[in-house]
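Visitor: I am attaching a structure below and will ask some questions about it afterwards.
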Amino acid sequence: MTTSIDWVHEIDASLEGVDQPTASYALPTGEAFSDYVAERGPHVRRLAHAICCDWTQAEALVLGTLSGLYDAWSAIQDGAGADAFVHRALARAVVTDSPTPRSCNAHGDDYPIEDESLLFDGLQSLSTIQRKALVLHDWLDLPVEEVADAVGISPELVVLHAARGRSALNFLLPESA
């Protein structure tokens, strides 16, 4: 049986050894910024995809987030500050949901294998706020207060949305997953 936290580890495990769509970011370069993007870029892409369940939209989110990060780079002290900026930007990003159910595997062979995962189909069925609460709180293990600040809701609502999202995922995922 999948526990409420097992799906978090499934996301990371499903990405090991998988070629992701090639990312090309046309951002100005700075040595520290370039090092950050080279090291943390794939992580940011996975977060964006987990939040919106769509690689095309995720790429747009990543590009916008990294552009904003570059603009704020001089005020950021270290990698932890950059991560906090990225988490906040992704949490506040406007994610458009399709009016009709879609499969995360809509792009076929051009996209990574995790798109075929029941987990990503389960995440896609959740509301945007539930996905954000789960990704930020459960996957990134951010404190509830930090998630609440990033998303712009109260800590009580973060707990509520995360609990509802976990409950929905546990209901949607089969016992053997």
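Visitor: Under the condition of being over 18 Å from L47 (Cα atoms) and acidic (D, E), which residue from region 146-177 is modelled with the lowest pLDDT?
Guide: So, considering only residues that are over 18 Å from L47 (Cα atoms) and acidic (D, E), the one modelled with the lowest pLDDT is E175.
Visitor: Looking at I129 and the list (1) part of a loop (DSSP other than H, G, I, E, B); (2) under 21 Å from W55 (Cα atoms); (3) among the β-branched types (V, I, T), which single condition is not satisfied?
Guide: (1)
Visitor: State all residues of region 121-145 that are of a type in the set (D, E, K, R) and either at pLDDT below 85 or surrounded by fewer than 18 Cβ atoms within 10 Å (Cβ to Cβ) (or both); if no residue qualifies, say none.
Guide: Listed by number, the residues that qualify are D121, D141, E145.
Visitor: Anything in region 36-49 that is crowded, with 23+ Cβ neighbours inside 10 Å and among the hydrophobic types (A, V, I, L, M, F, W, C)? List them, or say none.
Guide: Residues satisfying the conditions are V44, L47, A48.
The values are calculated or read from the model by the stated rules, or taken from the named source; none is laboratory data. Remember, predicted model here, so these are calculated numbers, not experimental data. When we count neighbours, we look across all protein chains shown, and the Cβ atoms used for this are built from the backbone with ideal geometry, even at glycine.
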